[in-house]
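Participant: Would you mind keeping the following structure in view while I ask a few things?
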Amino acid sequence: MATPLHLGITGMSCAGCAANVERALARLPGARDVSVNFALSTADLAVDAPAAEAVRAVRDAGYGVTLRTLTLDIGGMSCAGCAAAVEKALKAAPGVVDARVNLALNSAEADLADGDARDLVAAVEAAGFTARARLDDAPAASEAADRSGPVLLAAAVLSAPFLANMAAMLAGLPPLLPPLAELALATPVLLLCGWRFHRGAVKALARGGANMDVLVSLGTSVAYLFSIWMMLDAPPGAHPHLYFEAAALIVTLVLFGKWLEARAKTGATAAIRALMALKPEDALIERDGAQERVAISAVTIGDVAVVKPGERIPVDGEIVSGATEADESLITGESLPVPKTRGDRAVAGSINGSGLIRVRATRVGADTTLARIVALVAAAQGGKAPIQRLVDRVSAVFVPVVAGVALVTFLAWLGVGADLEHAVTAAVSVLVIACPCALGLATPAALVAGTGAGAKAGILIRDIETLERADAVDTVVFDKTGTLTEGRPRVVETLALGDEAELVRLAAAAQAGSEHPLARAILDHAGTGAPLPEVTEFRAVGGAGLTAAVEGRRVAIGTTALLRSVGVDDAPLAEAVRRWQDNGWSVALVAADGAPLGAFAMADTPRPEAAEAVAALVARGVTPWMLSGDSDAATRRIADDLGIAAFAGGARPEDKARRVAELRAQGRVVAVVGDGVNDAPALAEADVGIAVGSGTDVAMETAGITLMRPDPRLVAATFAIAHATRRTIRQNLFWAFAYNVVGIPVAALGYLHPSLAAAAMAFSSVSVVGNALRLKGWRPPQDAHPAPVARPSP
């Protein structure tokens, strides 16, 4: 049956393009009523092929298709087989180009060329599961642990007598429970407490698939029915060896494992939930001279929000009045409050300290830093590692294979002369011990916990592919300015031919109104002590400096050429100036009334943490490079300060990208760390691009990893969390596969009672998620150690 499709087309520039798209779509199987509208950039058709083929045809013709990604919270998934069934159902839904299901998050993402959330929900429900469209990036709070708690408690109470019965039999005593009592206790456990497994098994078989529920339902039902048969077949007054306790304990132990698993999965998603909890619901806005509290969705760019002490800042913006300190720990990972005053940037979701501030909104809604962080983390946690695709293929055939092994086990034991009881218990043990859940949870649980831990520390990883490449990095190329350095000059040396205080006072006064970086460095050096004298006759000399009248004195500040142009002999300053310039420092000479007073040396100094950052990379076997557009002398000075042997100055953006390409051609895995527009080409060229969060949007959009605070030590920390996450994924997959490879044969050989098999199955899933949860405790190594200050140049 042909399915109607409505596609948004990109890249068309004329009617000829529309004709090309129309021809491409008309070649699809069963395509009819194909119509492409150039003015609206749309295409309509009816087609027998999936939407993915229509999108591929348009792309192969050289154009694009507008896609929307929708996220669903899925209910009813119990193992990797369920996840595969949901993914298959979504991919078959009309308009869906691709779909991904995450068992650890109980969520699914679908890329739609046409249709809406209702179509997706209908497809999932038709497959036997529940679905709800997610309105934001936060996963739905898991209620599975809370819902299953009372059921688990009832199962445990009803199963407890079986434990006493088993203990008595192991001690050589007669059974404590008569057969009818065992039947009365086991029946509600199997049929009521275990109803979820039977219902899930029926749904799975109805759609032509199989999952963990099939194994549990089949195993417990066989043990239960076999026990009833043995009880009815026994002579009057006899007490045969029944397996009601196996059926009851299997249900109870699997429920217990699912309860622990649900709690652990909720803990794994705690990071993104904590971020979403930061989102304010409303804001106090100044409008027309009055204050009114409005919903956060009603705030627009340019609105001024009034933030009282202790409140959350509602928008990204600039502080226009007031001073305070802000707690940004959950956003940037910075544990200490950050001082804020007029002109500083405020971040939505951070907590205002003791001051009243007014913030003019520059970003609202989905554009705020907080919203972008949540979106990045959610996208990374919903990703699928390449190894997971192999796991999915194994999981798809896992349950049928296990059922086959159980049947072979049953027949084999009968074939070698074992009695029916032994053959049944061995087959039941095989059914119960097999665990597709551990396979399905191994990768996503570790990925969720690892990216969550990174986000808490201020490290945002865009996707699983970036994380895997980050673990392989052996070369890091740093931008200099703003990344390894403070990004603003400060006075590093002063030469005064007379009174230094007078030199500083006159220089600061003459530049009081200037926004030039070097002028700001001298003003910062002067501090905020005594008020500066008034300036008259101010004149800027382009590229050279300025002249001004201060307290009746003719002051000149700037280059050697400027001082000479006003008749000042700079010879007393020449030696110091030459030495400073050889170091790559900027120099400002000062004169008054035709006589030299002194000079200032200014430099963009290394960040306090930069030396430790470089040392940490070297300790990991990573080679640091530094590329800068600054002069060779200035670049060499910073490289020497930080112990970086490989560096180059005078590098334009294209030069940086070319150098990165050369390093990659040598077989190196290269990461680039930068914060500016000029770093974007190199970030895109690198295997891994790392943008510093205080930088530009261009850098952050180009990079695969974003550091939310300008601490270069986070670069090594990024590689550390990437390595820890990949290691945990490998451990989980090893144990998940090894557990099944070892457990199934042991059960088939008759060495495991069904109850012990159920306990082992429950433990396997819990251990995989528990191992992943260890990543929640990860912290950047520098959090425990103070940073050494870079050694200054002589």
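Participant: How many of the residues making up segment 197-225 are within 21 Å of TYR243 (Cβ to Cβ) and either out of contact with any Asp or Glu (no Cβ under 7 Å at 6 or more places or on another chain) or free of Cβ contacts under 8 Å to residues at least 40 places away in the same chain (or both)?
Facilitator: Initial filter on segment 197-225 (within 21 Å of TYR243 (Cβ to Cβ)): 197-198, 201, 212-225.
With the extra rule that they be either out of contact with any Asp or Glu (no Cβ under 7 Å at 6 or more places or on another chain) or free of Cβ contacts under 8 Å to residues at least 40 places away in the same chain (or both), the set shrinks to 198, 201, 212-225.
Residues flagged as within 21 Å of TYR243 (Cβ to Cβ) and either out of contact with any Asp or Glu (no Cβ under 7 Å at 6 or more places or on another chain) or free of Cβ contacts under 8 Å to residues at least 40 places away in the same chain (or both) within segment 197-225 amount to 16.
Participant: Of everything in segment 65-93 that's hydroxyl-bearing (Ser, Thr, Tyr) and assigned to a strand (DSSP E or B), which residue is farthest from GLY208 (Cα to Cα)? If you could, list the steps in order and put the result at the bottom.
Facilitator: Going through segment 65-93, the residues hydroxyl-bearing (Ser, Thr, Tyr) turn out to be 66, 69, 71, 78.
Still in the running and assigned to a strand (DSSP E or B): 69, 71.
On the way: THR69: 28, THR71: 26 Å.
Once the filter is applied, the top-ranked residue is THR69.
Participant: Kindly provide the set of residues from segment 462-499 that are open to solvent by less than 10 Å² (accessible area, probe 1.4 Å) and modelled with pLDDT under 90, ordered by number. First the steps, then the outcome.
Facilitator: At the first step, the residues of segment 462-499 found to be open to solvent by less than 10 Å² (accessible area, probe 1.4 Å) are 464, 466-467, 470, 475-478, 480, 482-485.
Correct list: ILE464, THR466, LEU467, LYS480, GLY482, THR483, LEU484, THR485.
Participant: Filter segment 225-257 for residues that are part of a loop (DSSP other than H, G, I, E, B) and of a type in the set (Phe, Trp, Tyr) and give the result.
Facilitator: Filtering segment 225-257 down to residues part of a loop (DSSP other than H, G, I, E, B) leaves 234-243.
Selection gives TYR243 alone.
Participant: Of the conditions (1) under 13 Å from THR485 (Cα atoms); (2) among the small types (Gly, Ala, Ser); (3) touching a strand residue (DSSP E or B) at 6+ places or on another chain (Cβ under 8 Å), ALA613 fails just one. Which one is it?
Facilitator: Among (1) under 13 Å from THR485 (Cα atoms); (2) among the small types (Gly, Ala, Ser); (3) touching a strand residue (DSSP E or B) at 6+ places or on another chain (Cβ under 8 Å), the lone unmet condition for ALA613 is (3).
Participant: Here's something else I'd like to know. Residues in segment 338-380 that are over 30 Å from ARG726 (Cα atoms) and of a type in the set (A, V, I, L, M, F, W, C): how many? Working first, answer last.
Facilitator: Filtering segment 338-380 down to residues over 30 Å from ARG726 (Cα atoms) leaves 338-368.
Cutting the leftovers down to of a type in the set (A, V, I, L, M, F, W, C) gives us 338, 346-348, 351, 356-357, 359, 361, 364, 366.
Going through segment 338-380 one residue at a time, the tally reaches 11.
Participant: Let me ask you something else. Step by step: first the residues of segment 757-783, then only those that are at pLDDT below 80 and open to solvent by 80 Å² or more (accessible area, probe 1.4 Å), then the one that is farthest from VAL428 (Cα to Cα). Which residue is that?
Facilitator: Of everything passing the filter in segment 757-783, ASP783 is farthest from VAL428 (Cα to Cα).
Participant: Going by what's in this entry, would THR443 be described as surrounded by 22 or more Cβ atoms within 10 Å (Cβ to Cβ), part of a helix (DSSP H, G or I) and more than 23 Å from the chain's Cα centre (by Cα)? Don't jump to the end; show me each part of the working.
Facilitator: Values: surrounded by 22 or more Cβ atoms within 10 Å (Cβ to Cβ): yes; part of a helix (DSSP H, G or I): yes; more than 23 Å from the chain's Cα centre (by Cα): no.
Criteria not met by THR443.
Participant: Open to solvent by 50 Å² or more (accessible area, probe 1.4 Å) and of a type outside the set (Asp, Glu): does that describe PRO161?
Facilitator: Values: open to solvent by 50 Å² or more (accessible area, probe 1.4 Å): no; of a type outside the set (Asp, Glu): yes.
When the stated conditions are applied, PRO161 does not pass them.
Participant: Among the residues of segment 90-114, write down those that are in contact (Cβ under 8 Å) with a residue 40 or more places away in the chain and open to solvent by less than 30 Å² (accessible area, probe 1.4 Å).
Facilitator: Of all residues in segment 90-114, those in contact (Cβ under 8 Å) with a residue 40 or more places away in the chain come to 91-92, 94-98, 100, 102-107, 109-114.
GLY95, VAL96, ASN102, LEU103, ALA104, LEU105, SER107, ALA110, ASP111, LEU112, ALA113 - these are the residues of segment 90-114 that are in contact (Cβ under 8 Å) with a residue 40 or more places away in the chain and open to solvent by less than 30 Å² (accessible area, probe 1.4 Å).
Participant: Return yes when ARG199 is surrounded by fewer than 19 Cβ atoms within 10 Å (Cβ to Cβ), among the charged types (D, E, K, R) and either closer than 19 Å to LEU152 by Cα or modelled with pLDDT of 90 or more (or both) and no when it is not.
Facilitator: Values: surrounded by fewer than 19 Cβ atoms within 10 Å (Cβ to Cβ): yes; among the charged types (D, E, K, R): yes; either closer than 19 Å to LEU152 by Cα or modelled with pLDDT of 90 or more (or both): yes.
Criteria met by ARG199.
Participant: Oh, and also: Give LEU752, LEU733, LEU756, LEU773 a once-over and let me know the one that is in a helix (DSSP H, G or I) and in contact with a Gly (Cβ under 9 Å, 6 or more places away or on another chain).
Facilitator: On the way: LEU752 fails: in a helix (DSSP H, G or I); LEU733 fails: in contact with a Gly (Cβ under 9 Å, 6 or more places away or on another chain); LEU756 fails: in contact with a Gly (Cβ under 9 Å, 6 or more places away or on another chain).
Among LEU752, LEU733, LEU756, LEU773, only LEU773 is in a helix (DSSP H, G or I) and in contact with a Gly (Cβ under 9 Å, 6 or more places away or on another chain).
Participant: Return the pair list, or none, for Cβ contacts closer than 7 Å from residues in segment 486-503 that are more than 14 Å from ALA634 (Cβ to Cβ) and hydrophobic (A, V, I, L, M, F, W, C) to residues that are at pLDDT below 90 and open to solvent by 70 Å² or more (accessible area, probe 1.4 Å), at least 6 apart or on different chains.
Facilitator: From residues that are more than 14 Å from ALA634 (Cβ to Cβ) and hydrophobic (A, V, I, L, M, F, W, C), the pairs are VAL491/HIS525.
Participant: Only one of these is farther than 28 Å from ASN740 by Cα and under 49 Å from the mean Cα position of the chain (by Cα): LEU180, LEU192, LEU215, LEU225. Name it. Don't jump to the end; show me each part of the working.
Facilitator: Details: LEU180 fails: under 49 Å from the mean Cα position of the chain (by Cα); LEU215 fails: farther than 28 Å from ASN740 by Cα; LEU225 fails: farther than 28 Å from ASN740 by Cα.
None of the others qualify; the one that does is LEU192.
Participant: Further question on the same structure: Counting only residues that are open to solvent by less than 60 Å² (accessible area, probe 1.4 Å), of a type outside the set (Val, Ile, Thr) and at pLDDT 85 or above, how many does segment 19-30 have? Talk me through it step by step, then tell me what you get.
Facilitator: Restricting attention to segment 19-30, the residues satisfying the condition of being open to solvent by less than 60 Å² (accessible area, probe 1.4 Å) are 19-21, 24-26, 28, 30.
If we keep only those that are of a type outside the set (Val, Ile, Thr) too, we end up with 19-20, 24-26, 28, 30.
Retained after the next criterion (residues that are at pLDDT 85 or above): 19-20, 24-26, 28.
Of the residues in that region, 6 qualify.
Participant: Restricting attention to helices (runs of 4 or more DSSP H) lying wholly within segment 94-192, give those where 2 or more residues are modelled with pLDDT under 90 and out of contact with any Leu (no Cβ under 8 Å at 6 or more places or on another chain).
Facilitator: Details: elements: 117-126, 144-170, 179-188.
Of the helices (runs of 4 or more DSSP H) lying wholly inside segment 94-192, those with at least 2 residues that are modelled with pLDDT under 90 and out of contact with any Leu (no Cβ under 8 Å at 6 or more places or on another chain) span 117-126, 144-170.
Participant: Just checking, does segment 450-458 include any residue being under 30 Å from ALA648 (Cα atoms) and either crowded, with 18+ Cβ neighbours inside 10 Å or touching a His at 6+ places or on another chain (Cβ under 9 Å) (or both)? Before you say what the answer is, go through the steps one by one.
Facilitator: If we filter segment 450-458 for residues that are under 30 Å from ALA648 (Cα atoms), which is where we start, we get 458.
Checking which are either crowded, with 18+ Cβ neighbours inside 10 Å or touching a His at 6+ places or on another chain (Cβ under 9 Å) (or both) leaves us with 458.
Within segment 450-458, one or more residues are under 30 Å from ALA648 (Cα atoms) and either crowded, with 18+ Cβ neighbours inside 10 Å or touching a His at 6+ places or on another chain (Cβ under 9 Å) (or both).
Participant: Now, a different point. If you go through segment 627-647 one residue at a time, how many are small (Gly, Ala, Ser) and modelled with pLDDT under 90? Steps first, answer last, please.
Facilitator: Residues of segment 627-647 small (Gly, Ala, Ser): 628-629, 631, 633-634, 639, 643, 645-646.
So of that shortlist, the ones also modelled with pLDDT under 90 come out as 628-629, 631, 633-634.
Qualifying residue count for the region: 5.
Participant: Report, by residue number, each residue of segment 373-400 that is surrounded by 14 or more Cβ atoms within 10 Å (Cβ to Cβ), out of contact with any strand residue (DSSP E or B) (no Cβ under 8 Å at 6 or more places or on another chain) and either modelled with pLDDT of 75 or more or not in a helix (DSSP H, G or I) (or both). Talk me through it step by step, then tell me what you get.
Facilitator: The first filter runs over segment 373-400 and keeps only residues surrounded by 14 or more Cβ atoms within 10 Å (Cβ to Cβ), leaving 373-385, 387-388, 391-392, 394-396, 398-399.
Next cut, out of contact with any strand residue (DSSP E or B) (no Cβ under 8 Å at 6 or more places or on another chain) only: 374-375, 379, 385, 387-388, 391-392, 394-396, 398-399.
Result: ALA385, PHE398, VAL399.
Participant: Which condition number in (1) surrounded by fewer than 21 Cβ atoms within 10 Å (Cβ to Cβ); (2) more than 22 Å from ALA93 (Cα to Cα); (3) of a type in the set (A, V, I, L, M, F, W, C) is the one that ALA46 fails?
Facilitator: Every condition holds for ALA46 apart from (2).
Participant: Identify the residue in segment 275-295 that is touching a Gly at 6+ places or on another chain (Cβ under 9 Å) and open to solvent by less than 40 Å² (accessible area, probe 1.4 Å) and, among all such residues, is modelled with the highest pLDDT.
Facilitator: So, considering only residues that are touching a Gly at 6+ places or on another chain (Cβ under 9 Å) and open to solvent by less than 40 Å² (accessible area, probe 1.4 Å), the one modelled with the highest pLDDT is PRO280.
Participant: For segment 741-754, give me each residue that is surrounded by fewer than 24 Cβ atoms within 10 Å (Cβ to Cβ) and farther than 30 Å from ALA449 by Cα.
Facilitator: So the first thing to find is which residues in segment 741-754 are surrounded by fewer than 24 Cβ atoms within 10 Å (Cβ to Cβ), and the list is 741-746, 748-753.
Answer for segment 741-754, where residues must be surrounded by fewer than 24 Cβ atoms within 10 Å (Cβ to Cβ) and farther than 30 Å from ALA449 by Cα: PRO745, VAL746, ALA748, LEU749, GLY750, TYR751, LEU752, HIS753.
Participant: Would you mention how many residues in segment 1-50 are part of a loop (DSSP other than H, G, I, E, B), of a type in the set (Asp, Glu) and on the phi > 0 side of the Ramachandran plot?
Facilitator: Applying the first criterion (part of a loop (DSSP other than H, G, I, E, B)) to segment 1-50 yields 1-2, 11-14, 27-31, 38-41, 48-50.
Next, from what is left, pick out any that are of a type in the set (Asp, Glu): 48.
Next, from what is left, pick out any that are on the phi > 0 side of the Ramachandran plot: none.
Total satisfying the criteria: 0.
Participant: Quick check: anything in segment 696-713 at pLDDT 90 or above and open to solvent by 30 Å² or more (accessible area, probe 1.4 Å)?
Facilitator: Yes: one or more hits.
Participant: A further question follows. Has segment 722-737 got any residue that is at pLDDT 90 or above and of a type in the set (A, V, I, L, M)?
Facilitator: yes
The values are calculated or read from the model by the stated rules, or taken from the named source; none is laboratory data. Source: prediction; values computed, not measured. So basically every Cβ, Gly included, is an ideal-geometry build from the backbone, and we count neighbours across all protein chains shown. Accessible surface is based on the protein model in full, side chains and every heavy atom, while ligands, DNA and RNA are left aside. Shrake-Rupley method; radii C 1.70, N 1.55, O 1.52, S 1.80 Å.
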